[in-house]
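Here is the structure we will look at, set down as structure tokens.
The values are calculated or read from the model by the stated rules, or taken from the named source; none is laboratory data. Computed from a predicted structure; not experimentally measured. Virtual Cβ from ideal backbone geometry, glycine too; neighbours counted across all protein chains shown. Heavy atoms of the whole protein, side chains included, go into the accessibility calculation; ligands, DNA and RNA do not. Shrake-Rupley method; radii C 1.70, N 1.55, O 1.52, S 1.80 Å.
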Amino acid sequence: MHRAYSTAHCQLELPDYHPFPKYKYAGVAEALGETLKVEPAPAVTWETLALVHSPTYLNKLRSEGLSRQEAHKVGLPWSGSLLSRALYATGGTLAAAQDALQTGLGLNLAGGTHHAYADRAEGYCLFNDVAVAIAQLRAEGWRGRVLVVDLDAHQGNGTAALFQADPSVYTLSVHAERNYPLRKEQSDLDIGLADGVGDQAYLEALEPALAQAFAFAPDLVFFNAGVDVLGNDRFGRLGLSLEGLAERDRRVLEKVREANRPLVVVMGGGYNRDPQITIAAHAQTYRLALKTLG
Ligand SMILES: [Zn+2]
């Protein structure tokens with residue numbers, strides 16, 4: 001049985017009215033509990049974080065934490081539980097990446113915190129989990145080429161910036177152009193979609209983008225499988241159906257299968273107005289990954 005990491009064991013103190021969907025981490029773990037061996041994600045070490053994040057930023061997090069103003073930019077109130085949860089979520093992506101190199105498929109039921117930069121937190125993201133995982137694999141001596149397929153509805157700005165000067169990592173971001181972040185970074189390939197784009201137009205844009213990205217001939221693929229592309233998402237601005245989302249995921253997974261390369265799936269965003277849809281959508285992605293590559 002395949003293993004997946006989860007932050008369901010982490011508490012996160014938030015006011016009741018806060019839109020961050022903390023319910024989904026335990027919800028998805030529960031939905032997949034029969035098909036996967038769900039394990040608590042291990043915490044990433046500060047030493048590993050330092051491979052990507054600046055000492056000033058990390059020291060600040062460890063000592064006084066984010067200021068009110070910085071926390072406002074992140075969109076989450078500062079607390080010890082916020083930091084702790086981020087350590088486990090990032091550790092989950094690293095553990096999943098190590099699994100992927102061993103078994104072909106690594107799964108983190110969290111992560112995809114693509115708005116985090118080397119020196120600052122943004123948009124619900126403290127650490128750039130995918131960048132941290134890649135940096136740790138490098139530190140362990142792994143030298144392969146990496147493709148990051150970021151299909152969250154928001155541009156992977158932190159990830160794009162972190163790898164802009166790194167020819168060994170190819171970043172693809174397919175997102176809603178008018179969505180957050182207002183100021184986009186340059187990925188290796190950016191596809192900015194109009195508001196409200198539905199299944200057909202989305203898949204038509206995705207196909208050539210995937211072809212171009214996989215032509216990079218990666219040795220390892222990360223998939224940020226954010227489900228905030230669904231219609232009725234609070235923040236996504238796109239209009240995919242659950243079936244369209246499944247087709248999106250199948251196309252990515254099929255490319256990975258054809259390339260015969262290991263895959264790491266991280267969760268990404270998902271803020272559907274119906275919490276059950278958010279959970280069902282994320283669970284669908286992981287089930288498809290298992291079915292195609294497990
Ligand atoms: Zn998003």
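Tabulated results
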read-out	value
Candidate residues 1, 267: accessible-area rank, largest first, probe 1.4 Å	1, 267
Sulfur and carbon atoms: percent of accessible area, region 3-293 [1.4 Å]	50 percent
Computed [θ] at 222 nm, helices only, for the chain once each DSSP H run of length n ≥ 4 contributes -39500 (n - 2.57)	-13000 deg cm²/dmol
Additional length obtainable on full extension of the chain from residue 35 to residue 17, 0.36 nm per residue less Cα span	3.2 nm
Filtered GluC sites (Glu not before Pro), region 163-261: DSSP coil and at most 15 other beta carbons within 10 Å	177
Lysine pair count for the chain [Cα-Cα under 22 Å; pairs on different chains or 8 or more apart]	8
For region 3-293, with +1 on Lys and Arg beta carbons and -1 on Asp and Glu, the positive-most of 281, 130, 236 along the dipole	130
Listed residue (1, 259, 210) projecting farthest to the positive dipole end of the chain, Cβ model	1
Exposure rank, largest accessible area first [178, 251; 1.4 Å]	178, 251
Global form of region 3-293, assessed from the alpha-carbon gyration tensor, a/c cut-off 1.5	rounded
At most 14 other Cβ within 10 Å, DSSP loop - GluC sites (Glu not before Pro), region 23-67	34, 64
Cα-centred dipole magnitude for the chain, charges only on beta-carbon of K, R (+1) and D, E (-1), debye, nearest 20	340 debye
Kyte-Doolittle mean at least 0.0 and Cα axial length at least 30 Å: DSSP H helices in the chain	80-103
Per residue value of the accessible surface for the chain (all protein chains in place, 1.4 Å probe), Å²	41 Å²
Euclidean distance between Cα centres, region 92-113 to region 230-268, Å	16 Å
Amide H within-cut-off set for residue 3, under 5 Å, with H built and near neighbours excluded	37
Net length gained if the chain between residue 182 and residue 26 were fully extended (0.36 nm per residue, minus Cα distance)	53.1 nm
